[in-house]
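Enquirer: Pasting a structure here, questions to come.
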């Protein structure tokens, strides 16, 4: 059996689209082989679709978008379990303009808190919050406000939304938020291990990707330190250096400080939820993939976690990617036998971007031909490519 389990190609193709393109070509070229598509995710964009694919029901809610206005976000629900994706309410893809220092400094997670509140009000007692793909660096202040936290300035008034507004906060009372989660378990599903602040923190690592200028990055990092000071003084819980506290601009920080949430590997949780862990044990060949395979991929991203599980089960593992950024040394240590990049079959990057379906289909054919030749060499007792 061939198991096709890619993550999304960010900004180009969803995980399901990648799996469909690759899977259809492999079926055409391996007519006698069972090809099963099981798209994967690790907590960022695409988390809710994986949960829906696993049989959960969609719930659509109108919430506040990252820079205001109403957006319609979907979360997944089954019985008392809700899977929520922060990017659905505060994602970069929801911005009405290109990311800039304005959006990086003012984007809020308030809508994410509204989604959580809606799930709790409708009976959820276990909430899985996928962290990734956010436009925000507000340390979860917006989320906390939506869930009842009292966050005030020196004058006792409200503070502006976003990471820039954090510098005006003088009091953060999470007691009402903590009460809201009585009897509710929260899992923060993330694919990164970054702390909240510092060289590897939310602002310095991800701020530039969200449009922040160097000056704003420094300001946001300083504001997140100030925000963490207030939360830690209010709750007595040290949270800033918790692995993953910097995910999605610190979105989960108030939940960690209030003691109502724990962090888990988003990839591991979703691989099990989506059925990958059940199918991988009977696969001969596993095809993973993502848009850019690079050093960040090696730190808990879904394709690498999936590849590790596949190799442990004795399967051959190959990756289909838009771009391969791993060095030869990194690739030798990765749980992947071979990488097939779109730029291998179409050197023009702009064509890869403008015609991803066609280029990926061509790449899948190349993969099938190469793997078929390798199979024949194995039969003859050779394993060199």
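Enquirer: Within 23 Å of residue 46 (Cβ to Cβ), in a strand (DSSP E or B) and either under 26 Å from the mean Cα position of the chain (by Cα) or outside the structural domain of residue 108 (by TED's automatic domain parsing) (or both): does that describe residue 130?
Expert: Working: within 23 Å of residue 46 (Cβ to Cβ): yes; in a strand (DSSP E or B): yes; either under 26 Å from the mean Cα position of the chain (by Cα) or outside the structural domain of residue 108 (by TED's automatic domain parsing) (or both): yes.
For residue 130, the condition - within 23 Å of residue 46 (Cβ to Cβ), in a strand (DSSP E or B) and either under 26 Å from the mean Cα position of the chain (by Cα) or outside the structural domain of residue 108 (by TED's automatic domain parsing) (or both) - is met.
Enquirer: Oh, and also: Residues that are more than 16 Å from residue 293 (Cβ to Cβ), within 24 Å of the chain's Cα centre (by Cα) and touching a residue at least 24 places away in the same chain (Cβ under 8 Å): which helices (runs of 4 or more DSSP H) entirely in segment 308-357 hold 1 or more of them? Spell out the reasoning first.
Expert: Values: elements: 328-333, 342-345, 349-354.
In segment 308-357, 349-354 are the helices (runs of 4 or more DSSP H) which contain 1 or more residues that are more than 16 Å from residue 293 (Cβ to Cβ), within 24 Å of the chain's Cα centre (by Cα) and touching a residue at least 24 places away in the same chain (Cβ under 8 Å).
Enquirer: Only one of (1) buried (at least 22 other Cβ atoms within 10 Å of the Cβ); (2) at pLDDT below 95 is not met by residue 31, so which one is it?
Expert: Going through (1) buried (at least 22 other Cβ atoms within 10 Å of the Cβ); (2) at pLDDT below 95 one by one, residue 31 breaks only (1).
Enquirer: To continue, here is another question. May I ask you to list the residues in segment 367-382 that are over 19 Å from residue 292 (Cβ atoms) and modelled with pLDDT of 65 or more?
Expert: Going residue by residue through segment 367-382, those that are over 19 Å from residue 292 (Cβ atoms) are 368-382.
Result: 368, 369, 370, 371, 372, 373, 374, 375.
Enquirer: Additional query: If you check residue 288 against the conditions, is it closer than 15 Å to residue 37 by Cα, touching a residue at least 40 places away in the same chain (Cβ under 8 Å) and in contact with a helix residue (DSSP H, G or I) (Cβ under 7 Å, 6 or more places away or on another chain)?
Expert: Working: closer than 15 Å to residue 37 by Cα: yes; touching a residue at least 40 places away in the same chain (Cβ under 8 Å): yes; in contact with a helix residue (DSSP H, G or I) (Cβ under 7 Å, 6 or more places away or on another chain): yes.
Against the criterion (closer than 15 Å to residue 37 by Cα, touching a residue at least 40 places away in the same chain (Cβ under 8 Å) and in contact with a helix residue (DSSP H, G or I) (Cβ under 7 Å, 6 or more places away or on another chain)), residue 288 qualifies.
Enquirer: What's the total number of residues in segment 70-110 that are in contact (Cβ under 8 Å) with a residue 60 or more places away in the chain and either part of a loop (DSSP other than H, G, I, E, B) or touching a helix residue (DSSP H, G or I) at 6+ places or on another chain (Cβ under 6 Å) (or both)?
Expert: The qualifying residues number 11.
Enquirer: Please state which of the following conditions residue 189 fails to meet, knowing it meets all the rest: (1) in contact with a strand residue (DSSP E or B) (Cβ under 7 Å, 6 or more places away or on another chain); (2) surrounded by fewer than 24 Cβ atoms within 10 Å (Cβ to Cβ).
Expert: Of everything listed in (1) in contact with a strand residue (DSSP E or B) (Cβ under 7 Å, 6 or more places away or on another chain); (2) surrounded by fewer than 24 Cβ atoms within 10 Å (Cβ to Cβ), residue 189 misses just condition (2).
The values are calculated or read from the model by the stated rules, or taken from the named source; none is laboratory data. Keep in mind the model is a prediction, meaning the values are calculated, not measured. Cβ coordinates were reconstructed from backbone atoms using ideal geometry, including for glycine residues, and neighbour counts include every protein chain displayed.
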